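Since the structure comes first, as structure tokens, the remarks are kept for the end.
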Amino acid sequence: MAFVERVFSGVQPTGNLHLGNYLGAIVNFVKMQETHNCIYCVVDMHAITMPTDVWGGPTGLPRATREVTAAFIAAGIDPKKHIVFNQSQVSGHAELAWIFNCVARIGWLNRMTQFKEKAGKDRENASVGLYDYPVLMAADILLYRATHVPVGEDQKQHLELARDIAQKFNNDFGDSIRSNGFGDGLFFPQPEPFITGPATRVMSLRDGTKKMSKSDASDYSRINLTDDADMIAQKIRKAKTDPEPLPTEEKGLETRPEADNLVGIYAALSNRSKAEVLREFGGGQFSSFKNALVELCVAKLAPIAADMKRLTADPGYVDSVLIDGAERATAIAAETMAMTRDIVGFIRKR
Ligand code: AQP
């Protein structure tokens, strides 16, 4: 079956949207609008897999959902040409996740490293939702039969699981797909991860071996999209480095994770390669490179922060974007779900 090329991706409304989310995911969301039909989702149902203090509970969640939506729009996503909505407004995500729960195998989920990291030592106390997170993510993507998924490096394993689920569903229900006239047995596409650019894994400013993350206890580990110029400058000046000058060639970054990270951030924000950045700054001290990085970060992020502030001050407008997006998403999702019910053998009203 020839699939219409469609992009789907999501961001959790768990607060502190940071430079890693921006460079690893949102920048590519913006780019892909030029070539694809795109669906971008604020995945609020994923957010509630963590304890309430992480996502802010019932009063914090709407604020965080609007903030991610505002970041999408401020970064350049066009919610009229494409679709922007919050996951919980489209019931198909949960419905398809249930069917996929019956397709995915426990052994597959047991291999997911993100669950191990997020559950930590107290695994028995983690929510069932956190364990099942990758199955819901597969449903998010395949509900729209999306073919391309722009994500950061950390989501690669989840994307592989989504591909396995699509393939097993197509195999398990191949005869039914054919007898219902829904194609040659390939009902769900194999979604392709789109992990590209010099910043697919932005690291913590305090430790170049750890991912920049919303949940890091230290705010100095990340640059938030809402940080003002002073805060950005403070965080970059305090960022961990080593005593050597910057190398002149990229291979000199191999054993220097902090230097590699800062050069990668500069490269991504200036649309250049790391080699080009090192041609300009290699051999120099970190202090002058950091000054240039502060200037670049502020120039790129300040307009986004200002726009986010303007948008979040108008929650009525942001909600209207999400409601309109959810209506358009529902139309696509309803089609997939009707066919999926027929394929599985569920009786439905016609
Ligand atoms: N450090 C990162 N570098 C590059 N890309 C990143 N992403 C996240 N961190 C980095 C990408 O951002 C998108 C949205 O992520 P999410 O909201 O689903 O959150 P997450 O993947 O769980 O990562 P966070 O933001 O760091 O949160 P916590 O602290 O909860 O782990 C995804 O495409 C992700 O790859």
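The values are calculated or read from the model by the stated rules, or taken from the named source; none is laboratory data. Predicted model only: the values in this text are computed from it and were never measured. Here Cβ is always computed from backbone atoms with ideal geometry, including for glycine, and neighbour counts include all displayed protein chains. Just the protein is used for accessible areas: all its heavy atoms, side chains included, with ligands, DNA and RNA removed. Shrake-Rupley method; radii C 1.70, N 1.55, O 1.52, S 1.80 Å.
Would you say VAL43 is within 12 Å of the ligand (Cβ to nearest atom) and either closer than 17 Å to ASP140 by Cα or surrounded by fewer than 17 Cβ atoms within 10 Å (Cβ to Cβ) (or both)?
Spelling it out, VAL43 is indeed within 12 Å of the ligand (Cβ to nearest atom) and either closer than 17 Å to ASP140 by Cα or surrounded by fewer than 17 Cβ atoms within 10 Å (Cβ to Cβ) (or both).
Identify all residues within region 198-240 that are crowded, with 19+ Cβ neighbours inside 10 Å, farther than 17 Å from GLY15 by Cβ and among the hydroxyl-bearing types (Ser, Thr, Tyr); write none if there are none.
Passing the criteria: only THR200.
Just to check your reading of the model, which residue among ALA299, ALA305, ALA331 is aliphatic (A, V, I, L, M), closer than 30 Å to ASP230 by Cβ and open to solvent by 60 Å² or more (accessible area, probe 1.4 Å)?
The match here is ALA299.
Give the residues of region 173-197 that are among the polar types (S, T, N, Q), open to solvent by 50 Å² or more (accessible area, probe 1.4 Å) and farther than 28 Å from GLY10 by Cα, sorted by residue number.
Once the filter is applied, which keeps residues that are among the polar types (S, T, N, Q), open to solvent by 50 Å² or more (accessible area, probe 1.4 Å) and farther than 28 Å from GLY10 by Cα, region 173-197 yields SER179, ASN180.
List the number of the failed condition for TYR220; all other conditions in (1) assigned to a loop (DSSP other than H, G, I, E, B); (2) hydroxyl-bearing (Ser, Thr, Tyr); (3) at pLDDT 95 or above hold.
Here TYR220 clears every test but (1).
Any chance region 263-282 includes a residue that's closer than 27 Å to LEU311 by Cα and not in a helix (DSSP H, G or I)?
Looking through region 263-282, at least one residue is closer than 27 Å to LEU311 by Cα and not in a helix (DSSP H, G or I).
Quick one: in region 78-90, which of the residues that are within 19 Å of MET308 (Cα to Cα) and crowded, with 22+ Cβ neighbours inside 10 Å is farthest from the ligand (Cβ to nearest atom)?
So the residue we want is ILE83.
Evaluate the following for ASP132: is it away from the ligand (no atom under 12 Å from the Cβ), assigned to a helix (DSSP H, G or I), under 20 Å from the mean Cα position of the chain (by Cα) and modelled with pLDDT of 95 or more? Working first, answer last.
Numbers: away from the ligand (no atom under 12 Å from the Cβ): yes; assigned to a helix (DSSP H, G or I): yes; under 20 Å from the mean Cα position of the chain (by Cα): yes; modelled with pLDDT of 95 or more: yes.
Here the answer is yes, as ASP132 does meet what is asked.
What are the pairs with Cβ atoms under 9 angstrom where one residue, in region 48-70, is assigned to a helix (DSSP H, G or I) and open to solvent by 20 Å² or more (accessible area, probe 1.4 Å) and the other, located anywhere, is within 13 Å of the ligand (Cβ to nearest atom) and hydroxyl-bearing (Ser, Thr, Tyr)? Sequence gap at least six, or different chains.
VAL54/THR14; VAL54/SER215; TRP55/THR14; TRP55/THR49
Tell me which residues, restricted to region 71-95, are outside any helix (DSSP H, G or I) and small (Gly, Ala, Ser).
Answer for region 71-95, where residues must be outside any helix (DSSP H, G or I) and small (Gly, Ala, Ser): GLY76, SER91.
Which residue, of THR35, THR14, is open to solvent by 10 Å² or more (accessible area, probe 1.4 Å), over 23 Å from VAL202 (Cα atoms) and in a loop (DSSP other than H, G, I, E, B)?
Answer to the check: THR35.
Suppose the filter is open to solvent by 50 Å² or more (accessible area, probe 1.4 Å), without any contact (Cβ under 8 Å) to a residue 60 or more places away in the chain and not in a helix (DSSP H, G or I); does LYS116 pass it?
No.
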